[in-house]
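Here is the structure we will look at, set down as structure tokens.
The values are calculated or read from the model by the stated rules, or taken from the named source; none is laboratory data. These numbers come from a predicted model, not from an experiment. So basically every Cβ, Gly included, is an ideal-geometry build from the backbone, and we count neighbours across all protein chains shown. Only protein heavy atoms, including side chains, enter the accessible area calculation; ligands, DNA and RNA are left aside. Shrake-Rupley method; radii C 1.70, N 1.55, O 1.52, S 1.80 Å.
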Amino acid sequence: MKYLSTRNKNNTVSSLEAVIQGLAEDGGLFVPSEIPPAGLCEEDLKSMSYDEIAAHILNVLLPEYGKETVDEIVEKGYDGKFSAADRVDLKYAGGYGFLELYHGPTSAFKDMALCLLPRLLTAANKLTGNPDKVMILTATSGDTGKAALEAFADVPDTGITVFYPALGVSDIQKLQMQTQSGGNVRVCGIEGNFDDAQTGVKKAFEGVSVDGVTLGSANSINIGRLTPQVAYYYYAYARMLRDGKLSYGEELNFVVPTGNFGDILAGWLAKKMGLPVGRLLCASNKNRILTDFLETGVYDRRRDFYTTDSPSMDILISSNLERLLFYALGMDDEKLKGMMKELSEKGFYKAEDSVMGYIKADFDCASADDEEGARGIRKLWEEDRYLMDTHTAVAYACAEQFKGYGKTVILSTASPYKFAPAVLRALGEDVPSDCFEAMDKLEALTGAVQPERLKELKKKTVLHKDVIKPEDINEYVREAANDLR
Ligand SMILES: *Cc1c(COP(=O)(O)O)cnc(C)c1O
């Protein structure tokens, strides 16, 4: 197995190179030339810990690291950073399993991959003999930024620069990033939305070159982000087996609150690697570009962009869809390149029926706006005393549109405390204007303990105040890379 670029399949690299480069030089994303079977049997699933599952999956998907290195990366990367006994947790409420992926250092699922990425990257540098330092560039819709900053802060020979939409993240998300310490970190607001930030960062990969510095990515365009996420689909299945909720071989559906299509694509990879996954429900908020695409076959970004209560899903250009399209097109890189060109030049493309057939064999889609999400938060709290965040709530509201779906796990991607004002409002409470007061009130009301790391933000100093225009990203990156040198 090699990794090849979706826009030129003759551009093949090892998994090590793919992790270092992030984005291929031709602008494509790296995908495995063939999707390898995971080779996990019922006994394995019933007995393995989260770390063992994660290491196993990484060994299969990133073969050039070697077992010893991967085992160490997983153990050291996760150790001591999670408040759940098994890193993640699975709870049952409202007829669903909720896979809680937010018990890591920054209270969002992005930690599952980002705790490992710096180690994956530095090991890859060492194994390939790359003498450069690595500058990580990240566009964030709110959660990736903090998780990446936390992971890369003060890691030797690396630097990290994060761009976030100045008006598009929650107060807590913004504070998490602006108070980040570390000698190698930069955080900068963009006058624009996430898509502006992501497009700007992708351009910087092509437009900025500084001797002695490799630009790397902590976004889910990097397979080092995507591959660790496959593990928790296996873990969810394993937990349901152990909890007696499922018998081996039975299909399990997953509902995934979706933005950049990374999380749900990891679920699709799990299915292709042999996990008995039934349907994958792509849940969107009011920015329902993926819902429309799955319903009509037309991907059209010429539309209004909404800022919602689930900001980490406020995305119109879902990068990872390109990976799925590549397989759906039978690896026709030329055709794919044409579609991506149409998207960037005309603002839309239409996929062939065969492509849509391929996608619909595994995926369903639905969308839910803030109000439907809020109703879900209130319902599950009142009926089951289960508290969820606004992103998970979108997934729940979408799942409810598919009654009779069979056994289903909803991915719970963030702590409710990251979005306390919106969660309080959903519960029908008055909302204090200060986000810390809102968190305290939510805690007093529900008894769910707020993450210590979020509470502590109140005492931290804002260190990063830069805000720039999207067209100035290249210059900002050049300066940061020169500093790193
Ligand atoms: C990033 C994020 C999502 C969307 O995940 P994608 O991989 O971008 O589809 C959903 N919920 C939360 C809380 C997130 O941080």
Check: For residue 160, are the conditions met, namely being without any contact (Cβ under 8 Å) to a residue 60 or more places away in the chain, more than 16 Å from the ligand (Cβ to nearest atom) and part of a strand (DSSP E or B)?
Finding: yes
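So is residue 55 modelled with pLDDT of 95 or more, touching a strand residue (DSSP E or B) at 6+ places or on another chain (Cβ under 9 Å) and of a type in the set (A, V, I, L, M) or not? Please lay out each step first, then the result.
On the way: modelled with pLDDT of 95 or more: yes; touching a strand residue (DSSP E or B) at 6+ places or on another chain (Cβ under 9 Å): no; of a type in the set (A, V, I, L, M): yes.
Spelling it out, it is not the case that residue 55 is modelled with pLDDT of 95 or more, touching a strand residue (DSSP E or B) at 6+ places or on another chain (Cβ under 9 Å) and of a type in the set (A, V, I, L, M).
Please find, within segment 349-360, the residue that is farthest from residue 280 (Cα to Cα) out of those that are open to solvent by 60 Å² or more (accessible area, probe 1.4 Å) and not charged (D, E, K, R).
Applying the first criterion (open to solvent by 60 Å² or more (accessible area, probe 1.4 Å)) to segment 349-360 yields 350, 352-354, 358, 360.
Adding the requirement that they be not charged (D, E, K, R) leaves 354, 358.
On the way: 354: 19, 358: 13 Å.
Per the stated criteria, the residue is 354.
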If we ask which residues in segment 311-326 are in a helix (DSSP H, G or I) and among the small types (Gly, Ala, Ser), their number turns out to be 1
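For every residue, the table says whether it meets (1) among the β-branched types (Val, Ile, Thr); (2) more than 16 Å from the ligand (Cβ to nearest atom); (3) under 30 Å from residue 327 (Cβ atoms).
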| position | (1), (2), (3) |
| --- | --- |
| 359 | yes, no, yes |
| 381 | no, yes, no |
| 385 | no, yes, no |
| 388 | no, no, no |
| 392 | yes, no, yes |
| 419 | no, no, no |
| 427 | no, yes, no |
| 445 | no, yes, no |
By residue number, the members of segment 163-183 that are in contact (Cβ under 8 Å) with a residue 40 or more places away in the chain, touching a helix residue (DSSP H, G or I) at 6+ places or on another chain (Cβ under 7 Å) and under 21 Å from residue 484 (Cβ atoms) are 163, 177, 180
Those helices (runs of 4 or more DSSP H) completely within segment 163-267 that have 3 or more residues that are closer than 28 Å to residue 302 by Cβ and hydrophobic (A, V, I, L, M, F, W, C) are 194-207
Task: Flag if residue 40 is more than 19 Å from the chain's Cα centre (by Cα) and aliphatic (A, V, I, L, M) - done: yes
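Which one is nearest to the ligand (Cβ to nearest atom) among residues in segment 286-301 that are open to solvent by less than 40 Å² (accessible area, probe 1.4 Å) and closer than 23 Å to residue 393 by Cα?
That would be 290.
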Restricted to segment 211-226 and to residues being β-branched (Val, Ile, Thr) and away from the ligand (no atom under 13 Å from the Cβ), the residue nearest to residue 323 (Cα to Cα) is 223
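For segment 29-112, which strands (runs of 3 or more DSSP E) that fit wholly inside it have 1 or more residues that are of a type in the set (Asp, Glu)? Outline the logic, then answer.
Details: elements: 30-32, 89-93, 96-100.
Counting at least 1 such residues, we get 89-93, 96-100.
Does residue 462 satisfy being assigned to a loop (DSSP other than H, G, I, E, B), touching a Leu at 6+ places or on another chain (Cβ under 8 Å) and without any contact (Cβ under 8 Å) to a residue 12 or more places away in the chain? Steps first, please.
Details: assigned to a loop (DSSP other than H, G, I, E, B): yes; touching a Leu at 6+ places or on another chain (Cβ under 8 Å): yes; without any contact (Cβ under 8 Å) to a residue 12 or more places away in the chain: no.
When the stated conditions are applied, residue 462 does not pass them.
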Item to complete: Determine if segment 425-434 includes at least one residue that is at positive phi, at pLDDT 95 or above and in a loop (DSSP other than H, G, I, E, B).
Response: yes
Just one listed residue, out of 129, 80, 104, 97, is closer than 30 Å to residue 178 by Cβ and away from the ligand (no atom under 16 Å from the Cβ), and it is 80
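State yes or no: is residue 143 under 29 Å from residue 191 (Cα atoms) and either within 11 Å of the ligand (Cβ to nearest atom) or surrounded by fewer than 24 Cβ atoms within 10 Å (Cβ to Cβ) (or both)? Give the derivation first.
Values: under 29 Å from residue 191 (Cα atoms): yes; either within 11 Å of the ligand (Cβ to nearest atom) or surrounded by fewer than 24 Cβ atoms within 10 Å (Cβ to Cβ) (or both): yes.
The answer is yes for residue 143.
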Scan segment 369-387 and tell me whether some residue there is touching a Cys at 6+ places or on another chain (Cβ under 6 Å), open to solvent by 10 Å² or more (accessible area, probe 1.4 Å) and of a type outside the set (Val, Ile, Thr).
no
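Check whether at least one residue in segment 302-310 is of a type in the set (Lys, Arg), under 30 Å from residue 420 (Cα atoms), within 16 Å of the ligand (Cβ to nearest atom) and part of a loop (DSSP other than H, G, I, E, B), and report yes or no.
So the first thing to find is which residues in segment 302-310 are of a type in the set (Lys, Arg), and the list is 302-303.
Add one more test, that the residue is under 30 Å from residue 420 (Cα atoms), and what stays is 303.
Checking the rest, the ones that are also within 16 Å of the ligand (Cβ to nearest atom) come to none.
No: zero hits.
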In the set 225, 242, the lone residue that is in contact (Cβ under 8 Å) with a residue 40 or more places away in the chain, of a type in the set (Lys, Arg) and over 16 Å from residue 31 (Cβ atoms) is 242
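Is it the case, given these coordinates, that residue 79 is touching a Ser or Thr at 6+ places or on another chain (Cβ under 7 Å), without any contact (Cβ under 8 Å) to a residue 24 or more places away in the chain, surrounded by fewer than 21 Cβ atoms within 10 Å (Cβ to Cβ) and not polar (S, T, N, Q)?
no
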